[in-house]
């Protein structure tokens, strides 16, 4: 009787965690769609439906993640410690930059809070270092979101280290993978992806770009694949298809799918813009990839593709209103996305690429860096002026509410159960409808 009981308890635990967790920056399915059990509020402001609100130290645009009762946040804090001349990193003049490196040390930290109360459970100093680059004025040194498999918490500060902790905050391993030289010194955003015993890192930069796969339990390198790409900032999407695990990565030169076992390129296709930031989506055997910096591009690619694809081998293309920084979202056969960083919404039929809604300007919203979320039958969009729009779903979404907080949102919305979590520039919010 003991073995069946243990199996029952294990399956119950798995179910609880699958419903009570947001283990990656885009949720349990890595696509921004919440489980059906999630029912976050649709209306709030500074005085209503704020369950708790805590100040955040430092700066960061990384999305928090949730596992069970814990919520994890990463930050980078400028210290008062001024670097001595001999401590300053040597600048490589071969890379063009429009930013100035700091001359102060920064603290790269990981925080764990109780998701029900906001009380700090633990914090760890991952590194204290002087960045070799500046960053874009809208960016930060803590832009890569953490991820977890329920056994370990994986944190990437890019040039300042890759770290694995147990969920009580004990450091298990760390890796220094060297410097990243970002486009024009605008900064880094390496978000790790864990899949089975592999930790996957998109190490795109201005020279020596590569896909790196580490052993998740030890941090040792499994393999690396060189990439003919410049800085991209997008997060890989991993999917099993016909007995093979594909790692799909956006890119300016090529969108590529890699075999997770050994790094072989399975298929590739061109047509993206510079700064290919949006992360891929996958549904029903098709990958959807977009970019939108100084142009617009979207393409639908069958996962069973092979080699370099010709135009007649993709399902469809779309060349208008695609996102620059945010990623798109797909639900019940519809693709939703905003144009560049603006509040202009497009909806496509995912199977055909047919336009269902185009150029719909959403009222009283500014620009978007965060990616959209779908939960409880609604679309959530958080802007950089502190307003989160809640929309209906369908061919022609309508605004349900506009919810203003005294903050700015670059991180993407997170929801577990009846609670919505928003990471702002100043505060971390738990928002829940009061009974």
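The values are calculated or read from the model by the stated rules, or taken from the named source; none is laboratory data. Here the structure is a predicted model, which is why all the values come from computation and not from measurement. We place every Cβ from the backbone using ideal geometry, glycine too, and count neighbours over all the protein chains shown.
Can residue 219 be described as farther than 22 Å from residue 370 by Cα, in a loop (DSSP other than H, G, I, E, B) and in the same structural domain as residue 144 (by TED's automatic domain parsing)? Yes.
Scanning the stretch 322-351 for residues that are under 21 Å from residue 271 (Cβ atoms), outside any strand (DSSP E or B) and more than 21 Å from the chain's Cα centre (by Cα) gives 350, 351.
For the stretch 392-408, what are the residues that are touching a residue at least 40 places away in the same chain (Cβ under 8 Å) and either closer than 16 Å to residue 358 by Cα or under 20 Å from the mean Cα position of the chain (by Cα) (or both)? Spell out the reasoning first.
Here is the first cut: in the stretch 392-408, the ones touching a residue at least 40 places away in the same chain (Cβ under 8 Å) are 393-397, 400-401, 403-406.
393, 394, 395, 396, 397 - these are the residues of the stretch 392-408 that are touching a residue at least 40 places away in the same chain (Cβ under 8 Å) and either closer than 16 Å to residue 358 by Cα or under 20 Å from the mean Cα position of the chain (by Cα) (or both).
Select, from 123, 78, the only residue that is assigned to a strand (DSSP E or B), in contact with a strand residue (DSSP E or B) (Cβ under 9 Å, 6 or more places away or on another chain) and free of Cβ contacts under 8 Å to residues at least 40 places away in the same chain. It would help to see each step written out before you state the result.
Details: 123 fails: free of Cβ contacts under 8 Å to residues at least 40 places away in the same chain.
Of the residues listed, the single one that is assigned to a strand (DSSP E or B), in contact with a strand residue (DSSP E or B) (Cβ under 9 Å, 6 or more places away or on another chain) and free of Cβ contacts under 8 Å to residues at least 40 places away in the same chain is 78.
Of the residues making up the stretch 59-75, those that are buried (at least 19 other Cβ atoms within 10 Å of the Cβ) and assigned to a loop (DSSP other than H, G, I, E, B) are 60, 61, 62, 63, 64.
Among the residues of the stretch 169-182, are any farther than 27 Å from residue 93 by Cβ and part of a loop (DSSP other than H, G, I, E, B)?
In the first step, residues of the stretch 169-182 are kept if they are farther than 27 Å from residue 93 by Cβ; the result is 169-175.
After this cut, where a residue has to be part of a loop (DSSP other than H, G, I, E, B) as well, the list is 169-170.
Yes.
Restricting the stretch 258-282 to residues that are in contact (Cβ under 8 Å) with a residue 40 or more places away in the chain and in a strand (DSSP E or B), the residue that is nearest to residue 214 (Cα to Cα) is 258. Would you confirm, using the coordinates I've provided, whether residue 388 is touching a strand residue (DSSP E or B) at 6+ places or on another chain (Cβ under 8 Å), in contact (Cβ under 8 Å) with a residue 24 or more places away in the chain, assigned by TED's automatic domain parsing to the domain that holds residue 44 and surrounded by 20 or more Cβ atoms within 10 Å (Cβ to Cβ)? Spelling it out, residue 388 is indeed touching a strand residue (DSSP E or B) at 6+ places or on another chain (Cβ under 8 Å), in contact (Cβ under 8 Å) with a residue 24 or more places away in the chain, assigned by TED's automatic domain parsing to the domain that holds residue 44 and surrounded by 20 or more Cβ atoms within 10 Å (Cβ to Cβ). Quick check: anything in the stretch 249-265 within 28 Å of residue 35 (Cβ to Cβ), under 15 Å from the mean Cα position of the chain (by Cα) and either crowded, with 22+ Cβ neighbours inside 10 Å or at pLDDT below 95 (or both)? Yes: one or more hits.
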